[in-house]
Amino acid sequence: MKLADRTRAVLGRLWPQSLASQLILLLLAAIIAAQAFSIWIFHDERRIALVAVARDNLLQRAVSVAGLLEDTPPPLQTRILEASSSRFAVFWLGTTPLAPEPGESRFERRLQGFLNDRLGGGKKAHLNLHSDERRGPREWSEHHDDDRHWHSVPRDERPRNLRKILNRAEDLSLSIPMSDGRWLNVATSYRPPPGAFLPLLVQLALTALAAAAIIALAVRRVTRPLKNLAVSAEKLGRGEDLEPLQPSGPREVRALTTAFNEMQNRLTRFVRDRTRMLAAISHDLRTPITSLRLRAEFIEDDENREKMIETLEEMAAMTEAALRFARDESQAERAENADLGAILEAIASDQQDMGNDCSLQLDEKIVLPCRPVALKRAFRNLVENAIRYGDSVSISAALSAGEVAIRIRDKGPGIPEDRLKDVFEPFVRLEESRNEETGGIGLGLAITRSIIHAHGGTITLKNLPDHGLEAEVRLPVGG
């Protein structure tokens, strides 16, 4: 088997079969896909907004600190710088600007214009934005001389916590000239807040659970009447008498249930009417057949008299068979779980008691829903035909893929391939291909097929390669 075929087979086994499971799975997939797409689109919005607010606040604070330092005596300036610094920003005064040149990008020029307007006095602030990944703490001490932020800053002017600031990914370097020739340097690093994946996962899980619960209730309201409808349709196909279903669920399902009830009523009425008509015709034919037979007795020509009596007897036999068939159909035998092995064993025992060669092979106990009397009659017809035309018969039954296969084999001459299906038609006999002493009128296999089909099964005939005929009956095991 190719890899693609194996993959499709595995996916076919994993894919849920029920309507509710499929709808829930598809809905969850849609929710997860929509949430993932939304997170992918908007995951950076919060970080950008927070960084923008922080930077705007920092710039305004830098302008305020610069003005305050101009009006504060030198002994107090250190305290002001320490109070203005935080874990994300460091303020200090130095002789060398942290940002040696004004920034050239459009965003940098816009921020520098914001600062210069508020500083006044012709002061020009230097501002540089950096978004390149900084080196880690261990690498910083080895390579800090190569960093363009620091090659012009004396070591003794660097604040103690500046190393942590410049090791972060997002940073801003700001230098504001003071009136005494020094520079107010500001180094910042505003890392975006850590991704809040746990709240997102919790939100996604709660949404998925709520949606699954809602869709499960909704689908259950739809599938429950559909399941009842499927069970009733299966029973109707087996010829069982059913009570009308109570319409429930959505409007479309109620309409379907109502249509099924009407179809069931029409089919039942149709079958009963035809059965009654067959019984009436067969019953009414007995009187003229009897009358004709009495008249035939007075025919002087012996040869014609015997032929006419033989024909009338055959017609009477056909009429009686039709009556028996109509009576059996009119009897509403209730379906029940029956032991198939017990049915077949009883048939085989009857044949053995009559001295016929009949064997039975059963690998396991098989219980299936059926009408036992009708099913026994169908198998008895098959076995008696096999005994009549093949002298001996073997019966076997085995489970396979949710159904049971019953095979009845004989050692007779078989049936021509082009006539295998014809023998199931009513009143069809193949005298030329079977024993001439059939004793039947051609209704046995027709009745058998009708019973098998009423149980939701199939029946097929085939000639065996060596010799004989095999009748295979397949019946569903599930109720």
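The values are calculated or read from the model by the stated rules, or taken from the named source; none is laboratory data. Worth saying up front: this structure is predicted, and the values here are computed from it rather than measured. No Cβ is skipped: glycine too gets one built from the backbone with ideal geometry, and neighbour counts run over all protein chains shown.
Within the set of pairs 6+ apart or on separate chains, which have a first residue in region 11-40 that is farther than 15 Å from ALA211 by Cβ, a second that is in a helix (DSSP H, G or I) and at pLDDT 75 or above, and C-beta atoms under 7 Å apart?
Once the first residue is farther than 15 Å from ALA211 by Cβ and sits in region 11-40, its partners that are in a helix (DSSP H, G or I) and at pLDDT 75 or above give PRO16/LEU25; LEU19/VAL219; LEU19/THR223.
Before we move on, is GLU306 within 26 Å of PRO476 (Cα to Cα), at pLDDT 80 or above and of a type outside the set (Gly, Ala, Ser)? If you could, list the steps in order and put the result at the bottom.
On the way: within 26 Å of PRO476 (Cα to Cα): no; at pLDDT 80 or above: yes; of a type outside the set (Gly, Ala, Ser): yes.
Answer is no for this residue.
Could you go through region 370-391 and let me know if any residue there is outside any helix (DSSP H, G or I), modelled with pLDDT of 85 or more and not polar (S, T, N, Q).
Quick first cut of region 370-391, residues outside any helix (DSSP H, G or I) only: 370-371, 391.
Checking the rest, the ones that are also modelled with pLDDT of 85 or more come to none.
The answer is no, given that none of the residues of region 370-391 is outside any helix (DSSP H, G or I), modelled with pLDDT of 85 or more and not polar (S, T, N, Q).
Only one of LEU267, LEU344, LEU312, LEU360 is in the same structural domain as ALA397 (by TED's automatic domain parsing) and in a helix (DSSP H, G or I). Can you tell me which? Give the steps one after another, and end with the answer.
Working: LEU267 fails: in the same structural domain as ALA397 (by TED's automatic domain parsing); LEU312 fails: in the same structural domain as ALA397 (by TED's automatic domain parsing); LEU360 fails: in a helix (DSSP H, G or I).
Exactly one residue qualifies, and that residue is LEU344.
A quick yes/no check of all residues on (1) farther than 30 Å from GLU82 by Cβ; (2) touching a Gly at 6+ places or on another chain (Cβ under 7 Å); (3) at pLDDT below 80; (4) crowded, with 16+ Cβ neighbours inside 10 Å:
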| residue | (1), (2), (3), (4) |
| --- | --- |
| THR188 | no, no, no, yes |
| ARG191 | no, no, yes, no |
| PRO194 | no, no, yes, no |
| LEU201 | yes, no, yes, no |
| LEU206 | yes, no, no, no |
| ALA211 | yes, no, yes, no |
| ALA218 | yes, no, yes, no |
| ARG221 | yes, yes, yes, no |
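What pairs come up if the first residue lies in region 175-190 and is farther than 13 Å from LEU58 by Cα, the second is acidic (Asp, Glu), and their beta carbons are under 7 Å apart, counting only those six or more places apart or on different chains?
From residues that are farther than 13 Å from LEU58 by Cα, the pairs are MET178/GLU70; SER179/GLU70.
Among the numbered conditions (1) part of a helix (DSSP H, G or I); (2) surrounded by 11 or more Cβ atoms within 10 Å (Cβ to Cβ), tell me where ASP241 comes up short.
With (1) part of a helix (DSSP H, G or I); (2) surrounded by 11 or more Cβ atoms within 10 Å (Cβ to Cβ) applied to ASP241, the lone miss is (1).
Which of the helices (runs of 4 or more DSSP H) found entirely inside region 1-97 contain at least 1 residues meeting this: exposed (fewer than 11 other Cβ atoms within 10 Å of the Cβ) and modelled with pLDDT under 70? Break it down into steps so the answer makes sense when it comes.
Values: elements: 3-14, 19-42, 45-70, 74-84.
Where helices (runs of 4 or more DSSP H) fall fully within region 1-97 and carry at least 1 residues being exposed (fewer than 11 other Cβ atoms within 10 Å of the Cβ) and modelled with pLDDT under 70, they are 3-14, 19-42, 45-70.
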